[in-house]
Amino acid sequence: MIFRQFNFDGCLSYVAACSNELAGIIIDPSHETEPYFRFVKEEKLKILYVVDTHTHVDHISLAPELADVLGAKTVMYKNTPIQRKIGEDIKDLFGIEKIIAENAAKRVDILINEGDELKTGGLVFRAVSTPGHTRDSMCLISHDRIFTGDTLLIGQCGRTDLPGGSSKHMHNSLFGKLMSLSNDLIVYPAHDYQGNINSSLGYEKIHNVCLNTKRTVEEFDKFLLNLFPPLDAGNCNAG
Ligand SMILES: [Fe+2]
């Protein structure tokens, strides 16, 4: 696999492509288009899909801008229209209402379902619906790795108190879906502010404060309330 992680102020995004057919995917692009174009050109890649793992509230997606130039399709999970509807009612939330509105106007060519696969040459990316951070949150599993968006971060989970968030949904996504996946999967999240590059699911099951203790939904809800600082203009990011 041809693979590159991009880190813009803690916003993580990825380019992954088949080493044989040079067909690839871009996941959660943000901030600047040039670094992606440069890498794609250097590696002579043919990008087929530009995916957002969810409707972001901390940055503007660059998916359509990249897709237009690269001749790719933009992809999100089928719940995105629901998430965008929820976002329409957000009028004043520390400025993220502007980001929500701008991202809601972004073109989505393909809405995928649970279990759908995006194929790029010999690579397959399988969608797993993991609501909790937003209604349209999903993870993508590809061979030895999982792109967890803002569902599972390194050391914790994404915050659940943003529009479309739900600690009940997050509890089910973590314990009902991710916990049963292989420990060997390499975890690539959409945000990290500690300089981490990746982790493993096995490591997170032991060390991640949101995963390493079995809690009821009610206990988990209380735990998250104490884990995340109250929302304010300075911390509308993932975790
Ligand atoms: Fe997010």
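Every read-out reported here was derived from the displayed coordinates using simple, explicitly stated rules and does not represent laboratory data. Remember, predicted model here, so these are calculated numbers, not experimental data. Counting neighbours? That spans all protein chains shown, and the Cβs are built from the backbone with ideal geometry, glycine included.
Points worth noting:
- The trypsin sites (Lys or Arg not before Pro) found in the range 76-118 that occupy coil by DSSP, while having at most 12 further C-beta atoms within 10 Å, are 91, 107.
- Enclosed volume per residue, in Å³, of the convex hull spanned by Cα atoms of the range 109-217: 111 Å³
- The chain - Rg over Rh from alpha carbon coordinates, Kirkwood radius: 0.94
- Taken over the range 2-133, lysine pairs spaced eight or more positions apart, or on distinct chains, with alpha carbons under 25 Å apart number 22.
- Residues 74, 53, 151 arranged by fewest to most Cβ contacts within 10 Å: 74, 53, 151
- The chymotrypsin sites (Phe, Trp or Tyr not before Pro) of the range 136-239 include none that meets both criteria, a DSSP state outside H, G, I, E and B (loop) and at most 10 other C-beta atoms within 10 angstrom of the site's C-beta.
- Qualifying trypsin sites (Lys or Arg not before Pro) for the range 143-215 [loop in DSSP, other Cβ within 10 Å: at most 11]: 214
- For the chain, the mean residue ellipticity at 222 nm estimated from helices alone is -7500 deg cm²/dmol, where every DSSP H run of n ≥ 4 contributes -39500 (n - 2.57) and the total is divided by all residues, rounded to the nearest 500.
- Under 18 Å of direct C-alpha separation, and excluding same-chain neighbours fewer than eight residues apart, residue 168 reaches these lysines: 177, 214, 222.
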